[in-house]
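Q: Could you have a look at this structure, given as structure tokens, before my questions?
The values are calculated or read from the model by the stated rules, or taken from the named source; none is laboratory data. These figures come from a predicted structure and were not determined experimentally. Backbone-built Cβ (ideal geometry, glycine too); neighbour counts: all protein chains shown.
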Amino acid sequence: MKPTAFAAAMIGLTFTAPAAAAPGDMNVATFLAKANALKAKGLTALFSSDIGVLKSEAMAAGQAYKARLAQERASGKPSSCPPQGTKVGSDQFLAHLESYPAASRQSTSLKQAIADMFSKRYPCGK
């Protein structure tokens, strides 16, 4: 599948989207394995239930980080300072997940990966 078709299928993650039923606890290794399997399917991936699973996991992890960040802000110690309405595209998200060493992907949840990504991309000014 072309990256643009995959990106359209995954739909960009948005920091303000409502949470899905999935908890966002899938680990990075599993998420990447499913994403790569979908890419290998080409256009038929559009009919796979795994697209919904991946989207739900990513959205739930994003919502969990949004809630965590709100608590951190209330305590005066936010871990990141993204502009309001920040959106993360699937290509950016997948590239971030791929940046984890293979040895740590199994033990890193999507919730932690999103927290790491926002902390890295949007550090708060000191």
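Q: Return the residues of the range 41-73 that are in a helix (DSSP H, G or I) and either touching a residue at least 60 places away in the same chain (Cβ under 8 Å) or hydroxyl-bearing (Ser, Thr, Tyr) (or both); say none if nothing qualifies.
A: Across the range 41-73, the qualifying residues are Thr44, Ser49, Ser56, Tyr65.
Q: Tell me, yes or no, whether the range 47-60 has at least one residue that is more than 16 Å from Ala95 (Cβ to Cβ) and aromatic (Phe, Trp, Tyr). Spell out how you get there, then give the answer.
A: Quick first cut of the range 47-60, residues more than 16 Å from Ala95 (Cβ to Cβ) only: 47-53, 55-57, 59-60.
Of the ones still in play, those that are also aromatic (Phe, Trp, Tyr) are 47.
Yes, there is a match, as at least one residue in the range 47-60 is more than 16 Å from Ala95 (Cβ to Cβ) and aromatic (Phe, Trp, Tyr).
Q: Specify the residue that is farthest from the chain's Cα centre (by Cα); the eligible residues are those in the range 61-103 that are under 15 Å from Phe31 (Cβ atoms) and surrounded by fewer than 18 Cβ atoms within 10 Å (Cβ to Cβ).
A: Top of the filtered list is Ala102.
Q: Still on this structure: Just to be sure I understand the filter: pairs with C-beta atoms under 6 Å, separated by 6 or more residues or on different chains, first member in the range 11-36 and within 15 Å of Gln92 (Cβ to Cβ) and surrounded by 15 or more Cβ atoms within 10 Å (Cβ to Cβ), second member of a type in the set (Gly, Ala, Ser) and at pLDDT 95 or above. Which pairs pass?
A: Filtered contacts from the range 11-36: Val28/Ala113.
Q: While we're here: Quick check on the range 41-51. Is at least one of its residues within 14 Å of the chain's Cα centre (by Cα) and either at negative phi or surrounded by 16 or more Cβ atoms within 10 Å (Cβ to Cβ) (or both)?
A: Checking the range 41-51: at least one residue is within 14 Å of the chain's Cα centre (by Cα) and either at negative phi or surrounded by 16 or more Cβ atoms within 10 Å (Cβ to Cβ) (or both).
Q: Let me ask something else. Six or more apart or on different chains, Cβ under 6 Å: which pairs go from a residue in the range 75-103 that's touching a residue at least 40 places away in the same chain (Cβ under 8 Å) and over 18 Å from Lys39 (Cβ atoms) to one that's acidic (Asp, Glu) and part of a helix (DSSP H, G or I)? Could you list them?
A: Pro78/Glu72; Ser79/Glu72
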